[in-house]
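What follows is calculated from the coordinates using simple rules that are stated; it is not laboratory data. All of these numbers come straight from a predicted model, not from anything done at the bench. When we count neighbours, we look across all protein chains shown, and the Cβ atoms used for this are built from the backbone with ideal geometry, even at glycine.
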Amino acid sequence: MRRDLRLDNVGRRYGLRGPWVLRGIHLTVLPGTLIRVEGPNGTGKSTLLRLLAGMDAPTEGRITGRPRTAYVPERFPTALPFTALGYLTHLGKVHGLSHLAAKRAAGDWLDRFGAAPYARTPMAQLSKGSSQKVAVAQALLAEPGLLVLDEAWTGLDTDARAELERAVAERTAGGTAVVFVDHDPRRLAGAPDATYTVRDAGLQLRGEPASAEPEGPRVAVVVQGPKGGRLPADAIRTAASAEELTPGTHRLTVPASHSDTLLRALLTARPPWHVVSLGPQPNPDLESRR
Ligand SMILES: Nc1ncnc2c1ncn2[C@@H]1O[C@H](COP(=O)(O)OP(=O)(O)OP(=O)(O)O)[C@@H](O)[C@H]1O
């Protein structure tokens, strides 16, 4: 059964008594979805992305269902004892390709990003932008189920920026989930299935008033769609959480005040989704006392 990447009550702080950078994070990342994470400097975006990428572990809570993941960090280590082509070929082999296939894939990605002329340049001698192209190529080469991009466009020239946007669109269409941070609000504008703002150590889904989300009753909706079908983007945007119970069957929770919007998104999708059940969300505190 396909599993979605889930963060359950995740918190992260640095040091034993450090302030909580993130706390109480609940997030489900469905295959093929594009998620934007935004927020002012120092609020915890990179911390969240490192947790999603598996480069860091939560201080509390659980992360489950992570698919094969590739990550472009905010700062890519450049002082590696490889040429650009040698480094990417090596990584391709780590990902299971033969030497020849890895070298071809490495060359193709360098070419796509306009970095072919520097293929045989030692990484330590590359300009900032050229080494960023290698950082991006190493992540795309891995053919991941989850791609995590932390300001991956920073330092790229115009053509390479457009190429990375194209590569993201190709990947999401192929079922890869992509989570990204970028300080340019025009980046992939209109494309994300959901945008979250990191605020006060929590995540706020854009479009949702800060005070309205956790308050009030919630409704659980179990829906069925075509096997392997993606939940409609409007439904993902409206839902507070989503969990795939069996292939094609999902349980969504939504504040009761938003349930009409969610149902409309599901029933007007093409093909429409079948609503199996609808009822109050069980309260886990009450359940555990029974
Ligand atoms: N390894 C670390 N050790 C200690 N504190 C850290 C560490 N990494 C991040 N922090 C702290 O956690 C907070 C969030 O940092 P983070 O880099 O996640 O923010 P950000 O939203 O990505 O910032 P920016 O937009 O500037 O990249 C900051 O106060 C930062 O100083």
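Neighbours of A160, meaning other residues whose beta-carbon lies under 13 angstrom from its beta-carbon, give a summed charge of 0 when Lys and Arg score +1 and Asp and Glu score -1. Determine the sum of side-chain charges near L88: Lys and Arg each +1, Asp and Glu each -1, restricted to other residues whose C-beta is under 15 angstrom from that of L88. Its environment carries a net charge of +3.
In this structure, the residue pairs whose Cα-Cα separation is over 30 Å, taken from K45/K227; K103/K227; K133/K227; K45/K128, are K45/K227; K103/K227; K133/K227.
Of the beta bridges in the chain, as assigned by DSSP with both residues counted there, near 65 percent are antiparallel. Estimated translational diffusion coefficient (Stokes-Einstein, Kirkwood radius over Cα pairs, 10 °C, 1.306 mPa s) of the chain: 78 µm² per second. Enter the angle in degrees (range 0 to 90, nearest 10) between the Cα long axis of helix 84-94 and the first principal axis of the Cα atoms of the chain, meaning the one along which they spread out most. Helix 84-94 sits at roughly 50 degrees to that axis. Taking amide H positions as modeled 1.01 Å from N, with prolines and chain starts lacking one, the residues under 5 Å from L5 and 5 or more places away or on another chain are V29.
Note on the range 218-289: Rg/Rh from Cα positions, Kirkwood definition for Rh, rounded to two decimals, is 0.98. Each of A240, T253, T268 was scored by the projection of its Cα onto the charge dipole of the range 218-289, and the greatest displacement toward the positive side belongs to T268; charges sit on the C-beta of Lys, Arg, Asp and Glu. Ranked by the mean number of other Cβ atoms within 10 Å per residue, highest first, peptides 50-57, 74-81 order as 50-57, 74-81.
Each Lys and Arg contributes +1 and each Asp and Glu -1, all at the Cβ; summed about the Cα centre of the range 218-289, the dipole is approximately 220 debye. Among DSSP bridges having both ends in the range 92-211, what percentage is antiparallel? Round to the nearest 5. Antiparallel bridges: around 45 percent, rounded to the nearest 5.
Each residue of the range 156-162 was assigned a 3J(HN,Hα) from its phi angle through the Karplus expression (A = 6.51, B = -1.76, C = 1.60, θ = phi - 60°), giving 7, 6, 4, 5, 5, 4, 5 Hz with x at Gly and Pro.
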